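Right, one structure below, let's go through it.
The values are calculated or read from the model by the stated rules, or taken from the named source; none is laboratory data. Note that the structure is predicted; figures quoted are calculated from it, not measured. Here the Cβ positions follow ideal geometry from the backbone for every residue, glycine too, while neighbour counts run over all protein chains shown.
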Amino acid sequence: MCGLVGYSSGRVFQEALIQTMNDTLSHRGPDDSGHVCLIDNDKQIALGHKRLSILDLSTNGQQPMYFEHLIIVFNGEIYNHLEIRKRLEAENYDFQSTSDTETLLKAFHKWGVGCLELLNGMFAFAVYDKQRRELFLARDRLGIKPLYYYHHGNSFVFASELKAIMKFPDFKKDINFQAVTDYFTRRYITKPHTIFNRTFKLEAGHYLRYSGNELTKQSYWSLGEKFCTRRIDPKKSKDDYLDEFDALLQKSVKYRMLSDVPIGSFLSGGYDSSLVTGMMQQLSHKPVRSFSIGFNESQYNEGHYAKKVAAHLGTDHHELYFSADKVKEIIPRIPDIVDEPFSDSSLLPTILLSEFTRGSVTVALSGDGGDELFCGYDHYYQDLKNQKYLLAGKLFGSLGRLRGVPSLIDRIDRRLLKFFYFQDKNAMINSHYAYSGEFYFNGLVKGHSYQMASQYGALLDATDNIQEKHMLQDMNNFLPEDILTKVDRASMYYGLEVRTPLLDHHLVEFSFSVPHELKYHQGELKYLLKELAYRRVPRELLDRPKVGFIPPIEKWLRNDLSWLVEEYLSDRYLTSQDIFDVKKLRRIVERSKNENDRFFSWHLWSIIVFQMWYAKHMDSNV
């Protein structure tokens, strides 16, 4: 795992610039560093790389890596690179290293964009082609690895994290306030947008080309296309699906255990992480190192469940207990770890787990993806309940646009909003995180109203099943923009590589072929995955209420963290920013003081995180 950065510019800068930009990513690659800076026709081209050595620890794996007219910088892992290498050797390609970077570079040389179809892995990479005078960027199918880019005038800049792009001299910190309104209702900024104008996330399953000053972007793998072309075999039994699932996941886990450095697993004791860890142990000739964290407060603690699963599997288990006060200490680090506002509070324990795990291993496998692929979230239960409000939504939905009605709704129970909003299934799914935003937070950012996301309509039209719609929405948006972003930033902050076996694209495509009644079966969520987990871990160790760790932000903001409200929401600071409608913001602050209403406390937390980000990246005087 690594960090990459680069630019193409009509201006010529000192070589020290690419070094400075590259150094902002040192946490992603503490083992090695490299860069190249060249003039090609009327452009200056620069590529930088920070390396976390995983495969081929020798200098032969250094980047940027060159082959004939191509130069590559690469972040990620290509798990099937040995099979691809054999094909290339049959085509008379020679290799000087055992790194997957060299395999990727020569695969691109041989097949061009066609090589993407062959890759099984998580990746973001950039190739400069000196013959074509073209930059080529690509990102993996599920968006596991990040890739940002900025395009303005004759400047094109890209990097693994925004902090590197912000160091480019011609970059303008011009806030995208429409994205800010989106953030306040979702806790993250939806692709392809970022917190800045003219700055974007390359979408999962996409590549782009930059030549001259022209940028073209194309999809090479699509969730919607794969879902729509799925084939469900009516002759298959549940056991047939289980056996196929078992074989695919074993292959995926085996791929992801390939490493030249110590490897372990995240183990919470839940179904997903227990299944992945169980397969790792089955495939290993020695005890797998498993890692979990616990909390001294019993209502948040899952550590003892993980310990029981580890004892059953025979792993070399490591656990560390924290107090909630330890979590509070991490809060000031958020703007350093995540370069744009991100207020999913589960980032905090993920940071602790990553720091603890990195003390022993360099690579860890996780169970991320199981809920999205196999119908595991509690809100999929709620989808079925909410369908009954669709008719009422059609009758009353237009009321929200009448003069005076939003302020009236602001004074009633927010649970009644479903009557005003759910006008069809797609609107209901789009509104999972945002339905209250239009009424409560519209106008919070001066001059910018909340707009219901509609870009997922085509994807949601792929099925009429309300739960499948929500699963597709989560895979397309919540998974890459929240879950995978959280894990990448928390883990890479400590130079830890996290691999996700359940997100092997073959497994994703398999999940589409599984009948929905084997995912949500007689009122039980994640049925097929649970059945597979029971093959390795006794049912009695897994069947329990999920605890997790959701920090009591609402309590902290009223007590120990009240200073955040005082500092970042003071009249002086708000006036100097001139971003928010202060009256509306004060109403949110007041309603957050109600101990029985967590809703407003969580939105207040999103505002605080935005303010911390603003102070760090926009206002050096704070």
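What tally of residues in the stretch 516-571 results from selecting those that are over 30 Å from N296 (Cα atoms), part of a loop (DSSP other than H, G, I, E, B) and in contact with a Leu (Cβ under 9 Å, 6 or more places away or on another chain)?
The total comes to 4.
Can you spot a residue in the stretch 66-84 that is of a type in the set (D, E), assigned to a loop (DSSP other than H, G, I, E, B) and under 19 Å from V363 (Cα atoms)?
The answer is no, given that none of the residues of the stretch 66-84 is of a type in the set (D, E), assigned to a loop (DSSP other than H, G, I, E, B) and under 19 Å from V363 (Cα atoms).
Filter the stretch 138-150 down to the residues that are crowded, with 24+ Cβ neighbours inside 10 Å and farther than 21 Å from E497 by Cα and list them by number.
Across the stretch 138-150, the qualifying residue is only Y149.
Restricted to the stretch 321-344, and to residues that are among the small types (G, A, S) and surrounded by fewer than 23 Cβ atoms within 10 Å (Cβ to Cβ), which residue is nearest to K201 (Cα to Cα)?
A324
What is the number of the single condition among (1) surrounded by fewer than 19 Cβ atoms within 10 Å (Cβ to Cβ); (2) in contact (Cβ under 8 Å) with a residue 60 or more places away in the chain; (3) within 22 Å of L532 (Cβ to Cβ) that K254 does not meet?
(2)
Suppose we filter H521, H506 for residues that are surrounded by 14 or more Cβ atoms within 10 Å (Cβ to Cβ), more than 30 Å from S323 (Cα to Cα) and not hydrophobic (A, V, I, L, M, F, W, C); which single one remains? Even if it seems obvious, please write down each step before you answer.
Details: H506 fails: surrounded by 14 or more Cβ atoms within 10 Å (Cβ to Cβ).
That would be H521, the only listed residue that is surrounded by 14 or more Cβ atoms within 10 Å (Cβ to Cβ), more than 30 Å from S323 (Cα to Cα) and not hydrophobic (A, V, I, L, M, F, W, C).
Any chance you could count how many residues in the stretch 85-125 are part of a loop (DSSP other than H, G, I, E, B) and either in contact with a helix residue (DSSP H, G or I) (Cβ under 7 Å, 6 or more places away or on another chain) or not acidic (D, E) (or both)? Give the steps one after another, and end with the answer.
Of the residues in the stretch 85-125, the ones part of a loop (DSSP other than H, G, I, E, B) are 91-99, 119-120.
Within this subset, residues satisfying the condition of being either in contact with a helix residue (DSSP H, G or I) (Cβ under 7 Å, 6 or more places away or on another chain) or not acidic (D, E) (or both) are 91-93, 95-99, 119-120.
Residues that pass the stated criteria total 10.
Would you confirm whether any residue within the stretch 236-251 is in contact (Cβ under 8 Å) with a residue 12 or more places away in the chain, among the charged types (D, E, K, R) and buried (at least 20 other Cβ atoms within 10 Å of the Cβ)?
no
What are the residues in the stretch 159-204 that are more than 21 Å from L25 (Cα to Cα), in contact (Cβ under 8 Å) with a residue 24 or more places away in the chain and in a helix (DSSP H, G or I), if any?
Of everything in the stretch 159-204, those that are more than 21 Å from L25 (Cα to Cα), in contact (Cβ under 8 Å) with a residue 24 or more places away in the chain and in a helix (DSSP H, G or I) turn out to be F177, Q178, V180, T181, D182, Y183, F184, T185, R186.
Going by what's in this entry, would S53 be described as at pLDDT below 95 and in a loop (DSSP other than H, G, I, E, B)?
On the way: at pLDDT below 95: yes; in a loop (DSSP other than H, G, I, E, B): yes.
Spelling it out, S53 is indeed at pLDDT below 95 and in a loop (DSSP other than H, G, I, E, B).
Could you pull out every one of the strands (runs of 3 or more DSSP E) wholly within the stretch 257-366 that has 3 or more residues that are under 23 Å from G76 (Cβ atoms)?
Correct list: 263-266, 363-365.
Scan (1) modelled with pLDDT of 95 or more; (2) under 24 Å from the mean Cα position of the chain (by Cα); (3) in the same structural domain as K50 (by TED's automatic domain parsing) for the single condition K191 breaks and write down its number.
(1)
Anything in the stretch 1-25 that is polar (S, T, N, Q), modelled with pLDDT of 95 or more and surrounded by fewer than 19 Cβ atoms within 10 Å (Cβ to Cβ)? List them, or say none.
Across the stretch 1-25, the qualifying residues are Q19, T20.
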